[in-house]
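Novice: Could you have a look at this structure, given as structure tokens, before my questions?
Quick note: the coordinates plus some simple rules give every number you see, no bench work behind them. Remember, it's a predicted structure, so these values are computed and weren't measured experimentally. All Cβ positions, glycine included, derive from the backbone under ideal geometry; neighbour counts span all protein chains shown.
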Amino acid sequence: MSHADEPTEHLPETNPDGSLAGTTGRIPRGVPASLFRSGMSRRRLLQAAAATATAVATTGLTTAGTGKAAAAPADSAAVATGFTGTIADLKHVVILMQENRSFDHYFGMLPGVRGFGDKQALRYPDGTTVFQQPDAKRTDGGHLLPFRLETGKYNAQNAGGLPHGWSDGHNAWATGKNNGWVAAKGEQTMGYFTGEDIPWQYALASAYMVCDHNHCSIATSTSPNRIYMWSGGIDPTGANQGPAINNGGDYGYRYTWETYPEALQKAGVSWQIYVNNDTDSNWLGDYTDNTVRSFASFNPAQSGADTSPDGLLARGNVLRTHTKPTGPNSNQNVDYVLKDFIDACEPGAERPLPEVSWVVAPYLWSEHPAGAPDYGAVYADRVIRALHENEELWKSTLLILTFDENDGYFDHVQAPLPEPGTEGEFVQGLPIGPGARVPMILVSPWTRGGWVSSEVFDHTSLVQFLEHWTTSLGKPALCENVSEWRRTVCGDLTSAIDFSSADTSLPELPSVDVLVAAAEHDRTLPSIAKAIPATGQQSMPVPPSGRLKARPVPYQQHATVAVDRSSGKVTATLTNVGARGVSMQVFPDAYRDFEATPFTVTKDGAKRYVWDTATTDGKYAFSVYGPDRFVRSFAGSVVPGGRNAGAVPQVEAELVPGHRTLRLQLSSGGRDQVRFALAANDYEGGHRTVYVGQGKPAVVEWPTDQDGYYDVVVTAADGFRYRFAGRIG
């Protein structure tokens with residue numbers, strides 16, 4: 001099977017009885033047969049899994065999900081003495097990129113991340129937010145809210161894919177308004193899972209580092225995003241047989257720019273792509289996801305091809321593709337399809353795990369929406385167990401579990417937007433990306449403990465991290481294809497990893513044996529079309545309370561405004577202090593068309609946005625949005641200079657990093673007293689009322705929460721409304 005025909009959906013092969021081809025009907029080990037009688041609910045299956053996990057825990061064992069691997073209790077203290085506390089402790093990087101899930105679709109209900117509880121989300125002039133997506137079919141307001149794909153009630157595990165190509169991806173983005181999701185993708189786009197539906201993924205994310213501002217690199221399908229991962233770009237100018245903006249180039253050996261594995265090879269860094277090379281089917285093959293085979297340098301038919309065991313073709317795993325005898329095509333074959341990787345993880349392996357590895361899953365192990373998240377959990381769990389079963393390997397490895405693109409599933413967070421004319425970031429007059437957020441979890445001793453990183457990442461971040469790490473090894477493998485703009489606004493993962501603290505313990509994860517049975521049980525349930533809320537039955541999902549520990553971000557965003565009463569112009573000054581740049585976007589909140597004006601803001605200089613109130617009857621209203629929950633909103637009226645003004649509210653804001661407070665100076669630019677109302681829209685601060693007379697400004701120290709976040713709205717008479725939200729480092 002191939003991605004070449006996407007967005008047309010490939011359906012899994014089935015048995016004559018309608019069950020999924022390759023399923024054995026075997027009862028998972030350790031689970032009572034009575035649980036699998038007809039009519040047993042998924043909820044009871046998972047409750048049984050939890051009970052089994054509890055029983056295992058009481059015996060003094062922990063597992064990576066199956067009950068097979070006896071693991072040490074919290075062993076971090078014993079092994080910490082073997083660490084240096086630096087990046088030198090890292091010996092191996094393993095990248096497992098799965099298929100087609102958006103962040104909100106998977107983790108919108110995960111406590112502690114920027115999900116459905118986000119109060120800093122994009123707001124439209126009519127008062128709705130990005131969560132209320134226009135839907136012409138709805139008679140209850142004309143909008144569709146996110147709705148749960150409840151696995152205990154519907155066949156949500158096997159929902160099927162949605163349109164996810166270049167055109168519909170940009171239609172959903174809607175020139176930055178981010179309000180074309182239902183029209184471009186269909187109503188299923190708003191479906192999401194909870195921790196009850198995908199418990200393994202939620203448990204893993206809660207135990208390690210989840211990145212809640214990680215985006216796919218391009219607003220389109222699988223192969224271009226994987227090409228970004230493996231090469232840092234898509235050849236936007238077409239100089240080397242690109243640009244790769246859809247899946248049409250799969251496995252054609254056509255592209256001629258250098259891949260990152262080639263850079264590793266030249267630098268003397270060991271690497272390997274692990275993939276099953278049997279004929280593609282449900283549980284075998286590579287689903288055309290080993291996209292180095294789209295590059296001419298990996299063509300086995302080329303003259304003088306190096307076929308040695310350590311050559312480019314062998315390491316890229318292209319020599320045996322689809323030539324091996326077909327192996328066991330079933331949901332019990334995970335050890336078979338991962339055999340080469342598992343063998344490499346064994347102590348004393350003949351071909352041990354190299355410094356850099358990529359693992360590529362067969363179709364139904366890849367978490368593609370036509371498959372099941374539960375099967376993806378089985379596959380990823382086996383990768384983790386293979387690493388954990390070798391103590392020396394486990395304590396020196398970073399596993400990056402991420403997804404290539406969002407399929408057609410909704411995500412609410414604004415992606416970074418390049419300014420018009422940014423080199424290497426436009427094709428056909430459209431921004432390449434980044435696209436929607438996708439899940440990414442960093443599994444390692446240095447990311448253990450329930451963390452969240454809100455720095456902006458994309459697939460080039462993986463390349464940038466490997467550049468950083470190989471440079472630290474004295475073998476710099478550098479990529480020439482990552483654009484300057486991507487390097488400015490997309491981080492290199494280093495802020496998300498704390499090498500000074502190591503914890504090698506393995507968390508308790510749900511039993512994957514039970515998840516396999518649960519995924520099969522879901523196929524007997526009604527279609528998810530029935531999950532779409534009936535008229536009048538919509539409500540915004542509310543994530544459970546809870547928090548993850550927040551990692552720092554390498555920027556400090558701010559925006560202030562100056563009102564020139566003589567010219568009638570209002571100027572917003574956008575600034576950022578830190579090592580990494582940010583993409584900020586300005587939107588009118590009234591009086592003008594709702595369109596994004598992008599700015600890339602670095603420590604090298606401020607950017608300015610000017611609103612001339614001469615064209616809006618002396619009024620202004622606009623908002624500035626940036627990453628990590630940054631918002632500034634400014635609305636009011638300009639009192640012409642020279643007029644004997646009454647109350648003229650003025651607010652100046654200052655970030656005070658040392659005390660993690662927002663200092664607000666409130667004043668009156670006229671002769672009359674101004675009444676200011678301050679209210680916390682989120683986080684700390686409560687409500688306050690401050691009266692300020694002419695020449696008598698007041699200073700308010702507004703608090704932040706324990707991670708430095710703040711969100712306060714300041715209002716006064718005659719439509720004056722300023723809002724300050726963000727984070728103080």
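Novice: With +1 assigned to the C-beta of every Lys and Arg and -1 to the C-beta of every Asp and Glu, and no other charges, what is the dipole magnitude of segment 553-727 about the Cα centre in debye, to the nearest 20?
Specialist: On the way: 20 positive and 18 negative charges, 74 e Å.
Magnitude of the dipole: close to 360 debye.
Novice: Looking at THR220, VAL690, THR151, which one has the Cα that reaches farthest to the positive end of the dipole of the chain (charges on Cβ: Lys, Arg +1; Asp, Glu -1)?
Specialist: Towards the positive end, the residue furthest out is VAL690.
Novice: Which of the aspartates and glutamates could be linked to LYS569 by a straight reach, that is with a Cα gap under 12 Å, when you skip same-chain ones fewer than 8 residues away?
Specialist: ASP612, ASP617
Novice: Still on this model: List the relative contact order of segment 553-727 as a percent without decimals, with contacts defined as Cα pairs under 8 Å and 6+ residues apart.
Specialist: 18
Novice: Please arrange CYS345, CYS216, CYS211 by counting, for each residue, the other beta carbons lying within 10 Å of its beta carbon, fewest first.
Specialist: Details: CYS345 24, CYS216 33, CYS211 30.
The fewest-first ordering by Cβ neighbours comes to CYS345, CYS211, CYS216.
Novice: At 7 Å along Cα-to-Cβ for each site, give me the label-to-label distance between SER308 and MET540 in nm.
Specialist: Taking the simple label geometry, SER308 and MET540 are separated by 6.2 nm.
Novice: Residue by residue through segment 86-94, which ³J(HN,Hα) values in whole Hz follow from phi under the Karplus form 6.51 cos²θ - 1.76 cosθ + 1.60 (θ = phi - 60°), with glycine and proline marked x?
Specialist: For segment 86-94, the Karplus curve yields 10, 5, 5, 6, 7, 10, 9, 10, 10 Hz.
Novice: Regarding the chain, what are the three Cα extents along the principal axes, ordered largest first, in Å?
Specialist: Its Cα atoms span 88, 60, 54 Å along the three principal axes.
Novice: Next question. Per residue of segment 560-572, in order, report the coupling 6.51 cos²θ - 1.76 cosθ + 1.60 (Karplus, θ = phi - 60°) as ³J(HN,Hα) in whole Hz, putting x for Gly and Pro.
Specialist: Each residue's phi maps through the Karplus curve to give 10, 10, 10, 9, 9, 6, 6, 8, x, 9, 10, 10, 9 Hz.
Novice: Here's something else I'd like to know. Taking neighbour counts of Cβ atoms within 10 Å as a proxy for exposure, in what order, fewest first, do ILE218, ILE400 appear?
Specialist: Ordered from fewest to most neighbouring Cβ atoms within 10 Å, ILE218, ILE400 come out as ILE400, ILE218.
Novice: In whole angstrom, and with the biggest value first, how far do the Cα coordinates of segment 613-729 range along each principal axis?
Specialist: Sorted largest first, the three principal extents are 45, 32, 21 Å.
Novice: While we're looking at this one, here's another question. Is the shape of segment 233-314 best called rounded, prolate or oblate, per the rule: a/c under 1.5 gives rounded, else a/b larger than b/c gives prolate, else oblate, with a ≥ b ≥ c the square roots of the Cα gyration tensor eigenvalues?
Specialist: Oblate shape, in that a/c is at least 1.5 and b/c is the bigger or equal ratio.
Novice: Over segment 612-653, what relative contact order in percent results from Cα pairs under 8 Å that are six or more residues apart?
Specialist: Working: 34 pairs, mean separation 12.8, N = 42.
Relative contact order, segment 612-653: 30 percent.
Novice: Taking the Cα centre of segment 553-727 as the origin and placing charges on Cβ (Lys, Arg +1; Asp, Glu -1), which of ALA647, ALA677, ALA606 is farthest toward the positive end of the dipole?
Specialist: My answer, from the dipole projection, is ALA647.
Novice: Which of the aspartates and glutamates could be linked to LYS619 by a straight reach, that is with a Cα gap under 12 Å, when you skip same-chain ones fewer than 8 residues away?
Specialist: Within the straight-line limit of under 12 Å, LYS619 reaches these aspartates and glutamates: ASP589, ASP718.
Novice: Taking θ as phi - 60°, what are the ³J(HN,Hα) couplings along segment 291-301 by the Karplus curve (6.51, -1.76, 1.60), each to the nearest whole Hz, with x for Gly and Pro?
Specialist: Calculated HN-Hα couplings, in order: 7, 5, 6, 8, 10, 4, 5, 9, 7, x, 7 Hz.
Novice: Quick one: putting +1 on the C-beta of Lys and Arg, -1 on the C-beta of Asp and Glu, what dipole do you get for the chain around its Cα centre, in Debye to the nearest 20?
Specialist: Taking the Cα centre of the chain as origin, the dipole is about 1920 debye.
Novice: Cut-off under 14 Å on the C-alpha distance; same-chain residues fewer than 8 positions from LYS153 excluded. Which aspartates and glutamates are left, in chain and number order?
Specialist: Here the aspartates and glutamates satisfying the reach criterion relative to LYS153 are GLU196, ASP197, GLU520, ASP522.
Novice: Separate question: Over the chain, what is the mean sequence separation of C-alpha contacts under 8 Å (at least six apart), divided by residue count, expressed as relative contact order in percent?
Specialist: After rounding, I find 18 percent.
Novice: Just rank ILE95, ILE198, fewest to most, by other beta-carbon atoms within 10 angstrom.
Specialist: Arranged by neighbour count, lowest to highest, ILE95, ILE198 become ILE95, ILE198.
Novice: What is the ratio of the Cα radius of gyration of segment 393-442 to 2.2 N^0.38 Å, with N the residue count, to two decimals?
Specialist: Details: Rg = 15.3 Å, N = 50, 2.2 N^0.38 = 9.7 Å.
The value comes to 1.57.
Novice: What are the semi-axes of the equivalent ellipsoid of segment 545-615, taken as the square roots of 5 times the eigenvalues of the Cα gyration tensor, listed largest first and rounded to whole Å?
Specialist: 28, 16, 11
Novice: Around GLN98, which amide H atoms from residues at least 5 apart in sequence, or from another chain, sit under 5 Å from its own amide H, with H modelled in the peptide plane?
Specialist: Here THR402, PHE403, ASP404 satisfy the definition.
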